[in-house]
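Please treat every number below as a calculation from the coordinates, not as lab data. As the structure is a prediction and not an experimental result, all values here were calculated from the model. All Cβ positions, even for glycine, are placed from backbone atoms using ideal geometry, and neighbour counts span all protein chains on display.
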Amino acid sequence: MIPGYDEVRYKNIINLLKQMPKITAPLNFESDLMRRINSGNFNENYKVKWWDKLFLPSRLIPAAAFALSIVTVFYFLNFNSIEPENPFLTKPKIRETVAQTSNKQIFPAQTPEYTEASVNGSFRINKEGLNFLQIRLNAAEKAKINKLKEEIKAYFKRKQ
Amino acid sequence: MIDIKLNGLTDEELILEFQQNNTVKAYEILVQRYKNPLINYIYRFLGDYETCADIVQETMIKVYRNKDSYKSIAKFSTWIYTIAGNLARTEYQRRKRRNIFSINSYGDDGETFDISDESARPDVITDSGIKDKIIQKALLKVSDSYREMVILRDIQELSYEEIAEVTGIAVGTVKSRINRGRNQLQKLLKHIYKD
């Protein structure tokens, strides 16, 4: 091959480079290679797996510091927050407004009455402090309920 | 008998045999043929023997795993040099980035790094061992894009067309880069000519 102009111009440097000794592979190169191929462990030497990188001290320390700072911030924020109410310790709020519908009127609690047991067998409840609703019945409804009461009483008397 | 037959095959025939019949012996012959040229190429480019052995092993593994991606339209040598070159360039860039963050700065222009002491290696020792070390050190000071071309042309003795194929650069650019690299080397090694 006839050398070109550049080959002649840089003849000395080309000769120096050509005279450099040839570097050879290590003696166990092929055995190492075949061992890696046969074991299927292709990235054993050259590449580090990402999960190995994750646990390097250079990455683990900043990550741990970040996590610690987050925990600290949440700890202090928690102290400043309003404590939630314990539903077992607070008194129920008493309704003051009274809603009214067509024939069913809702009343606040009546004056307290307390008796242990009435003579005719019915029980009265102490209504003090309670907040329950009472429905006003008309005469026909009251009569119907009274009739039902009489029937129940008669039933129990028959049983006795 | 089969070994003798396989040894007589060209690189392209061997890789075809490995592709079609999964003949591991054909692959082993290819490894035998290319391990030393690739070690020489990568060592001259990086200047670190341990790393260059790892890169060549990685190259061979890539050939083994991706044998089917080789197309017979290209020469096997260009294909394997391309793989090795890509890995070497990646490693070089990785080292360069590491050197930026490192306290130590290597070389005068920050582009190069120290050559490990290979004086104890018998395959490196020659009568002109010191001279070789000086040339290697100078080679590492040449810009990496020029250095690669110079090594492929003047040390590995590849043709301009092959270098263009390996690096994916136009032949004209390859020629100009080689000359620029040689020019840089000439300036760095002026004192050696006087000997």
query = Which of the lysines could a cross-linker bridge to A:K93, judged by Cα under 25 Å and excluding same-chain residues fewer than eight apart?
reply = A:K104, A:K127
task = Just grab the label-to-label distance for B:K75 and B:I130, each label 7 Å out from Cα along the Cβ direction, in nm (one decimal).
result = 3.9
ask   = In nm, to one decimal, how far is the modelled label at B:R33 from the one at B:R97, with both set 7 Å along Cα→Cβ?
value = 3.6
request  = Output the peptides B:56-63, B:132-139, A:31-38, A:153-160 sorted from most to least packed, where packing is the average of other Cβ atoms within 10 Å over each peptide's residues.
outcome  = B:56-63, B:132-139, A:31-38, A:153-160
inquiry  = Can you tell me, using C-alpha contacts under 8 Å and at least 6 residues apart, the relative contact order of the range B:137-195 as a whole percent?
reply    = 41
